[in-house]
Amino acid sequence: MGLFQKIKDMFKGNTTSFDDKNEIPVQEKEEEIGENEEENVEIEEEQETVSPKKEVKIYEKGLTKSRKGFVSNLMSLTSRYSKVNEEYFDELEEILIMADIGVHTVMSFMDRLRDRVRKEKIENPEDLREIIVDELFIIYVDDSIMTNKIHYAESGPTVLLFVGVNGVGKTTTIAKLAWKLKEEGKKVLLVAGDTFRAGATKQLEEWSQKVGVDFVGKEEGADPASVVFDGLKKAKAEDYDVVFIDTAGRLQNRVNLMNELEKINRVIAREVEGAPHETLLVLDATTGQNGISQAKKFKEITNVTGIVLTKLDGTAKGGIVLAIKEEVQLPVKYIGLGERKEDLQPFDIEKYIYGLFKDMM
Ligand SMILES: Nc1nc2c(ncn2[C@@H]2O[C@H](COP(=O)(O)OP(=O)(O)OP(=O)(O)O)[C@@H](O)[C@H]2O)c(=O)[nH]1
Ligand SMILES: [Mg+2]
């Protein structure tokens, strides 16, 4: 069975794989992280529990823009052509490139698709819908290296370092994930390693209060490595499970950024063996190819172990996940599908494909 069919069976009108017995009660209703709450009414009413079924809904809702953009272009292409021909292929190629999928991925995909069309003698574009989804994503699904699992320390605190350029969503991602882990019963500490931008430390402190976790920070302009040192000392002395380190996105130049990350990493490695356990690069999905080049640069200056792709709810393109896979070769571990704390989700390729292509299924 193809991937498309498998995912369709998993999610579409099939309640057995997501029945309510899997639901985990949330102790109490928390204050929402997001500000534009009117738009969220539909899901919010059902937010009493966090279940796989609700996670699928968050994917569906967060990918609405991409469905209306990328996927509806794809569907209209199928309905405009009665026969698969050269013009059809040209248009398909253009739609995929416009969807941020990345030129290399699109080219090799087009080759495979043409091959299948020839071999299987496919003439009707309708018959290509499933094949397109299968061929686009099969590499991702089959690749076990692309795990979304966070690497936790076997003993002592797990240290998660967050890096990325300014405005991509580092601080809010930390808040969302800190909330999630706290709800799972972990003792969480936030460390304000961004002492560069005015107000950055205060912003993280406010988040720590909102989501109900602890915080370590110093005054603006303090040495970030010394804040990290203080944070890790506290984490070890008071048995924290997870330490989140926020860093500055905006430094005068690349050399400064590199030096600062090196210094922070030295302190982390010295204080906690095997740390940082993850260095998560935060990318803004709405920046497309620019995000890809940020990832390449960060990979050169520090040991990035995974990607958090934010603001997927804000893009009509939806294909950047594939470009990251092809051009950056790092796993996407979390995705941001909106501004509420529940909207940060572990990246799951099957839910993602369903959220994107459900109208075709
Ligand atoms: N719609 C949407 N907005 C998001 C998401 N993630 C973050 N944002 C918004 O992006 C903006 C910037 O987020 P921050 O967390 O402050 O970004 P940052 O990387 O810490 O920025 P600097 O501290 O300036 O480097 C905020 O308004 C967030 O609410 C997401 O998944 N979806
Ligand atoms: Mg920040």
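A Stokes-Einstein calculation at 20 °C with viscosity 1.002 mPa s, built on the Kirkwood radius of segment 247-361 over Cα pairs, returns a diffusion coefficient of 139 µm²/s. By other beta-carbon atoms within 10 Å, ranking H277, H151 with the fewest at the front produces H151, H277. Applying the Karplus relation 6.51 cos²θ - 1.76 cosθ + 1.60 with θ = phi - 60° to segment 255-260 yields 3J(HN,Hα) values of 5, 4, 4, 4, 4, 5 Hz, where x marks Gly and Pro.
Pop the C-beta distance of T64 and K187 into the FRET formula with R0 = 35 Å and round what comes out to the nearest 0.05.
Values: r = 36 Å, r/R0 = 1.03.
In this case the efficiency is close to 0.45.
Short to long, the 5 Å bins of the Cα pair-distance histogram for segment 66-141 hold 3, 15, 29, 30, 17, 5, 0 percent of all pairs. Were the residues from I138 through S72 laid out at 0.36 nm apart, the gain over their Cα-Cα distance would be 21.6 nm.
Between R118 and E219, what FRET efficiency comes out of the Förster formula 1/(1 + (r/R0)^6) with R0 = 51 Å and r the beta carbon distance, rounded to 0.05? Could you put the intermediate results ahead of the total?
Details: r = 67 Å, r/R0 = 1.31.
FRET efficiency, E219 to R118: 0.15.
FRET efficiency for the pair K6 and D230, taken as 1/(1 + (r/R0)^6) with r the Cβ-Cβ distance and R0 = 51 Å, rounds to 0.55.
Here is the link list: K54/K333; K61/K121; K6/K341; K233/K325; K8/K341. Which ones come out longer than 26 Å on Cα distance? In this structure, K61/K121; K6/K341; K233/K325; K8/K341 lie more than 26 Å apart at Cα.
Rounded to the nearest 10 degrees, what's the angle between the helix 170-183 long axis and the longest principal axis of the chain, both from Cα atoms, 0 to 90? Orientation of helix 170-183: about 80 degrees from the principal axis. Each of L113, A153, V84 was scored by the projection of its Cα onto the charge dipole of segment 73-160, and the greatest displacement toward the positive side belongs to A153; charges sit on the C-beta of Lys, Arg, Asp and Glu. The residues F229, F196, when put in order of fewest to most other Cβ atoms within 10 Å, stand as F229, F196.
Going by the alpha-carbon gyration tensor, a ≥ b ≥ c the square roots of its eigenvalues, is the chain rounded (a/c under 1.5) or, if a/c is not under 1.5, prolate (a/b greater than b/c) versus oblate? Could you put the intermediate results ahead of the total?
Values: a/c = 2.26, a/b = 1.64, b/c = 1.37.
Since a/c reaches 1.5 and a/b is larger than b/c, the shape of the chain is classed as prolate.
For segment 131-143, the Karplus equation 6.51 cos²θ - 1.76 cosθ + 1.60, evaluated at θ = phi - 60°, returns couplings of 5, 4, 5, 4, 5, 5, 10, 4, 5, 5, 5, 7, 8 Hz by residue, with Gly and Pro reported as x. Here the 3J(HN,Hα) profile of segment 219-231, calculated from phi with Karplus coefficients 6.51, -1.76 and 1.60 at θ = phi - 60°, is 6, 4, x, 5, 6, x, 4, 6, 5, 4, 4, 4, x Hz, Gly and Pro shown as x.
Helical runs assigned H by DSSP (4 residues or longer) give the chain a calculated mean residue ellipticity at 222 nm of -14000 deg cm²/dmol, each run adding -39500 (n - 2.57) before division by the residue total. Determine which residues of segment 292-335 fall in the zone a paramagnetic label at E273 would reach in this model, i.e. backbone nitrogen under 11 Å from the point 7 Å along Cα→Cβ. Counting only backbone N, you get no residues.
Only the coordinates and a few stated rules stand behind these numbers; no lab work does. Everything numeric here is computed off the predicted structure, so don't read it as measured data. So basically every Cβ, Gly included, is an ideal-geometry build from the backbone, and we count neighbours across all protein chains shown.
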